[in-house]
Amino acid sequence: MRVLSVVGARPNFAKLAPVHRALAARRIGHEIVHTGQHYDANLSDSFFAELEIPRPGANLEVGSGSHHEQTAKVVAAFGRHLERRPRPDWVLVYGDVNSTAAAALVAAKMGIRVAHVEAGLRSGDRTMPEELNRIVADHLADLLFATTPGAARNLRGEGIPPRRIRVVGNTMLDTLAWALPRARRRGTRARLGLPKGRPYLLLTLHRPSNVDDPATLRGIWKALGEIAAGRTILFPVHPRTFVRLRDGGLLEGAPAGLRCCDPLGYHDFVSLMHRAEAVLTDSGGIQDETAYMGVPCVTLRWNTERPETLRGGRNRLVGNDPRRIHDGLRAALRRGRRPLRGRFDDGRAAVRIVRALLDA
Ligand code: UD1
């Protein structure tokens, strides 16, 4: 059997790593194609090194652009790539980024079997580019690896035949379980100058719905500034957010408690997440990771494709309303740490995926 994995952006890499290891353990040929959607060293190369993923066999170098341009570039470049190479038995696509939907489309049109890792997540919000990417990938896939029973239910509800669906768990949490012991030993906090014993919050923000509209971004920034008057917020800034903050003149007047830094590597980020008092984020994966570790999470979105994380108030949806950000954080801090471990969170999702590919 020959498997080809397509990845393009930061959250894909942690989902790929355990699948690569599980394929290697069974001596199954595995080619990795990087679309080049993320190209900065700290959004891409560092993840390959830290997660022990071999260098991709090809980089399609599609780079940044509008959604349609970026998607179209992946379609064209990945199509050319597949035409020149021996045909794989499976093309694996991961998560919900533009590269995911584009690669699934190409493989399906060429009659190559497609498997979608992290299938079935639905926010119900079709204004979100990721939601459209999920729908495309799921409806084109021959085998759908759902993270939870709820995700599998979503797929069945859309008419996808149950024989194509396997509930396997979340390979991103496989990676987290693998990385946690190393992450704890890294001394990240001291390196970033966060005093020992002093609580801090961790923040990530990059969604177009939060950062592209100047008035929305100003509102969020003001609320964060007020929070940072009383406690430290560490903020690794995604490149698109950096541009928006700079252009909006918001970087200059940032309060001292709001500490911006460059995007961090995987282990440093996990280490900071693990020790944070709470995490404020608009990411998808971080909601799962914080729930798994029991770190209170406040999500700056109005909906989530990960409803399991809301259980017991572990994760709170506050949108981008400043009042709700304050209230959500207060409630999260009162609640304290309570890990959420599902039946499939045993670090073996990728092993189940490889077994299913062999059986299919
Ligand atoms: C993408 C994913 C999103 C994921 C996020 C993680 C889609 C639709 N979105 O969003 O689901 O949560 O990755 O980071 O696929 N840029 C750089 N260097 C890079 C890459 C991007 O500076 O290496 C800048 C460019 O200005 C670019 C912007 O960031 O235009 C956005 O990059 P893009 O890949 O389009 O989307 P993300 O916001 O990163």
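The values are calculated or read from the model by the stated rules, or taken from the named source; none is laboratory data. Fair warning: this is a prediction, and the values are worked out from it, not measured in the lab. Cβ sites come from the backbone with ideal geometry, for glycine too, and all protein chains shown count toward neighbours. Ligands, DNA and RNA are stripped out before the accessible areas are found, and what is left, the full protein with its side chains, is counted by its heavy atoms. Shrake-Rupley method; radii C 1.70, N 1.55, O 1.52, S 1.80 Å.
A compact table of results
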| read-out | value |
| --- | --- |
| Region 29-71: chymotrypsin sites (Phe, Trp or Tyr not before Pro) in DSSP loop, at most 10 other beta carbons within 10 Å | none |
| Computed label-point distance, nm, for sites Asp247 and Ala76 using a 7 Å Cα→Cβ extension | 2.4 nm |
| Cα gyration tensor shape of region 29-179, rounded if a/c is under 1.5, else prolate or oblate by comparing a/b with b/c | rounded |
| Helix 214-228 vs. the chain, principal-axis angle (Cα, 0 to 90°, nearest 10) | 60 degrees |
| In region 89-180, GluC sites (Glu not before Pro) in a DSSP loop with at most 12 other beta-carbon atoms within 10 Å | Glu158 |
| Cβ-Cβ FRET estimate between Asp262 and Arg163, R0 fixed at 56 Å, reported to 0.05 | 0.75 |
| Accessible area (Å², per residue) of region 1-125, counting only protein heavy atoms and a probe of 1.4 Å | 39 Å² |
| Bins of 10 Å, starting at 0 and running to the largest distance - Cα pair percent for region 100-162 | 24, 56, 20, 0 |
| Helix 10-25 axis, angle to the chain major axis (alpha carbon atoms, nearest 10°) | 40 degrees |
| Per-bin percent of Cα-Cα distances, region 124-250 [10 Å] | 10, 25, 25, 28, 11, 1 |
| Total charge dipole magnitude, region 150-286, about the Cα centre, Cβ charges on Lys, Arg, Asp, Glu only, Debye to nearest 20 | 640 debye |
| Part-to-part distance (alpha-carbon centres) for region 112-167 and region 275-312, which is given in Å | 21 Å |
| Gain in span if fully extended, Asp125 to Thr216, counting 0.36 nm per residue against the direct Cα distance | 30.9 nm |
| Dipole of region 1-131, positive end: most advanced residue of Leu121, Ser5, His34 [Cβ charges, Cα centre] | Ser5 |
| Descending Cα extents along the principal axes, the chain, whole Å | 58, 41, 39 |
| Principal axes of region 66-111: Cα extent on each, largest first, Å | 31, 20, 13 |
| Apportionment of accessible area to carbon and sulfur, region 35-122, percent (1.4 Å) | 50 percent |
| For the chain: relative contact order, % (alpha-carbon pairs under 8 angstrom, 6 or more apart) | 15 percent |
| Per-pair calculated FRET efficiency, R0 = 22 Å: Leu333 and Lys196 via Cβ, rounded to 0.05 | 0.65 |
| Point-to-point label distance, Ala49-Ile135, nm (Cα→Cβ direction, 7 Å offset) | 4.1 nm |
| Nearest-20 debye value, the chain charge dipole, Cβ charges on Lys, Arg, Asp, Glu | 1200 debye |
| Cleavage-rule hits, GluC sites (Glu not before Pro), region 6-55, DSSP coil, Cβ neighbours within 10 Å at most 10 | Glu52 |
| Nearest-ten-degree value, helix 349-359 long axis tilted from longest Cα axis of the chain | 10 degrees |
| Residue-span extension gain [Glu226 to Arg355] - 0.36 nm each, minus C-alpha spacing | 41.4 nm |
| Spin-label proximity, Arg323 to region 194-235 - amide N less than 14 Å from point 7 Å beyond Cα toward beta carbon | none |
| Peptides 79-88, 278-287, 144-153 ordered by average Cβ neighbours within 10 Å, highest first | 278-287, 144-153, 79-88 |
| Computed [θ] at 222 nm, deg cm²/dmol, the chain (DSSP H ≥ 4; -39,500 (n - 2.57); rounded to nearest 500) | -13500 deg cm²/dmol |
